[in-house]
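Since the structure comes first, as structure tokens, the remarks are kept for the end.
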Amino acid sequence: MTVAIDGERLWQSLMDLAQIGATPKGGNCRLALSKEDGQGRDLVVGWMREAGLEITVDQVGNIFGVRPGRDPARKPVMTGSHIDTQPTGGRFDGCFGVMAGLEVMRTLNDQGIQTEAPLALTIWTNEEGTRFVPVMMGSGVHCGVFPLETALAATDVDGKAVRDELAAIGYAGTAPIGTVQAGSYLEAHIEQGPILEAEETTIGVVTGSLGLRWYDVTVTGMEAHAGPTPMALRRDALYAATHLMQAVVDIANDPAFAPLGRGTVGVVNAYPASRNVIPGRVQFTVDLRHEDAALLEQMEQRFRAAAAALAAGETTGTPVQVDIAFVQEFPPTPFDRTLVERVRSEAIARGMSQRDIVTGAGHDAVYMARCVPTAMIFVPCKDGISHNEVEDADPKHLEAGANVLLGAMLAQAA
Ligand SMILES: [Zn+2]
């Protein structure tokens, strides 16, 4: 017999949680460590206790609920996500993963099923990074990406520190970081993109996350009067810069890097920003992404080659100065092959449509993948919209995603 979760109970729990910090347009505002976040935590922790989970709160406020297995020597099969939201966030981002995990626990209780390995449900602190940076704070500390002290000392715009705000909502835990350690980690999440809905596919089998590299580019030419300066004698920094901006997008569109390459210029500033002055200096940002580390490196080399050609005057006929400052990078993170295939086979066994997908957004799972075997399960969201009050999802898709989570956790904990 195939065990299945209760889709209505899952939906009702999501809607009950969504009442806390509800916004006029039907979304949620539960900023990390706000009063509303505290109320949301209280509600969910109450449900976790009712489900018999043993609660541990660590020093950065991560909440772990453990369901014992027959073999206490094994590390738990963990699932989880976050319940903090963007200021105008939706009801499903993060919350679905936590409620799906809770629904798994409730279902196993109803069915009287005990697993070999223990199971655990985790609520990670401050995934969104809206009020406090770094983003994905709780999972980042848990996985040793940055120190506990960095997280506790982080302040919001009013100068309030994570340390004090954790205490204010009653979640300044005492358990040392790593008290509860996962053997493996699964996270269910709405896709936050348009692919599954467009292809009428129920389950996204997430194979990993895109790597990202950020740069700041400065192109320097020469300012001069827009009238008296003949075209042939100009060193127009903006005209030159547009060629490099186009190259960034063209590289990502190149068949060598499509469909998983991404190239974006998000910010452009031209100086002196006067309508009758030829721009002498242009600064712009570059965001390059790919799932494959070697291809991401090749994208960077192509971008640097385009910059060198521009600087030498090969592109426009006029040399300019081009400076590239490296800002930050996240390496591509492939998920665990075995666990990814568990997710796929569960979807197939339950007769659901599925396809491979990569996550372009950050998730707690991306940090967890650095320390334990990890996979994610995506379900469609309406119009691919997230980080928005209108974020919506089909209860049937959420039910399907939670069932895949259930099946994969059972298989992993066997
Ligand atoms: Zn999320």
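The values are calculated or read from the model by the stated rules, or taken from the named source; none is laboratory data. Since the structure is predicted, the reported quantities are computational estimates derived from the model, not experimental observations. So basically every Cβ, Gly included, is an ideal-geometry build from the backbone, and we count neighbours across all protein chains shown. Just so you know, the surface numbers come from the protein's heavy atoms only, side chains and all, with ligands and any DNA or RNA stripped out. Shrake-Rupley method; radii C 1.70, N 1.55, O 1.52, S 1.80 Å.
Projecting label points 7 angstrom from Cα along Cα→Cβ for residue 390 and residue 341 puts them 4.2 nm apart. The residues of region 144-190 have, on average, 45 Å² of accessible surface per residue, using a 1.4 Å probe with all protein chains present. Overall, the chain carries a charge dipole of about 440 debye about its Cα centre when +1 sits on the Cβ of Lys and Arg and -1 on the Cβ of Asp and Glu, all other atoms neutral. Computed over the chain, the per-residue total of -39500 (n - 2.57) for DSSP H runs of n ≥ 4 gives a 222 nm mean residue ellipticity of -11000 deg cm²/dmol, rounded to 500. The convex hull of the Cα atoms of region 1-87, projected and averaged over all directions, covers 7.6 nm². Residue by residue, region 397-411 carries 3J(HN,Hα) couplings of 5, 5, 4, 4, x, 5, 5, 5, 4, 4, x, 5, 5, 4, 5 Hz when phi is fed to the Karplus relation 6.51 cos²θ - 1.76 cosθ + 1.60 (θ = phi - 60°); x denotes Gly or Pro. When peptides 365-373, 229-237, 181-189 are ranked by their average number of other Cβ atoms within 10 Å per residue, the highest-first order is 181-189, 365-373, 229-237. Taking the Cα centre of the chain as the origin and placing charges on Cβ (Lys, Arg +1; Asp, Glu -1), which of 143, 218, 99 is farthest toward the positive end of the dipole? It is 218.
Here the simple spin-label model places points 7 Å from the Cα toward Cβ, and for residue 318 and residue 75 these points are separated by 5.9 nm. With all protein chains in place and a 1.4 Å probe, the accessible surface of the chain carries 52 percent carbon and sulfur.
Charges were assigned to the Cβ only: +1 to each Lys and Arg, -1 to each Asp and Glu. The resulting dipole of region 1-91 about its Cα centre is roughly 140 debye.
About its Cα centre, region 357-414 has a charge dipole of approximately 320 debye under the convention of +1 per Lys or Arg Cβ and -1 per Asp or Glu Cβ, with nothing else charged.
Computed from phi, the 3J(HN,Hα) profile of region 215-223 under the Karplus parametrisation 6.51, -1.76, 1.60 (θ = phi - 60°) reads 9, 10, 10, 10, 10, 10, x, 8, 6 Hz, with x in place of Gly and Pro. Using a simple spin-label model with points 7 Å from Cα along the Cα→Cβ vector, what separation in nm is obtained for residue 356 and residue 216? Those two pseudo-labels are separated by 3.7 nm. Label zone (residue 3, point 7 Å along Cα-to-C-beta; backbone nitrogen cut-off 11 Å) within region 384-414: 406-414. Going 7 Å from the Cα of residue 256 in the Cα-to-Cβ direction, what parts of region 294-334 have a backbone nitrogen less than 14 Å from that spot? So the set is 294-307. Sorting 213, 275 on solvent-accessible area from highest to lowest, probe radius 1.4 Å, gives 275, 213.
Relative to the dominant Cα principal axis of the chain, helix 7-18 is inclined by about 60°.
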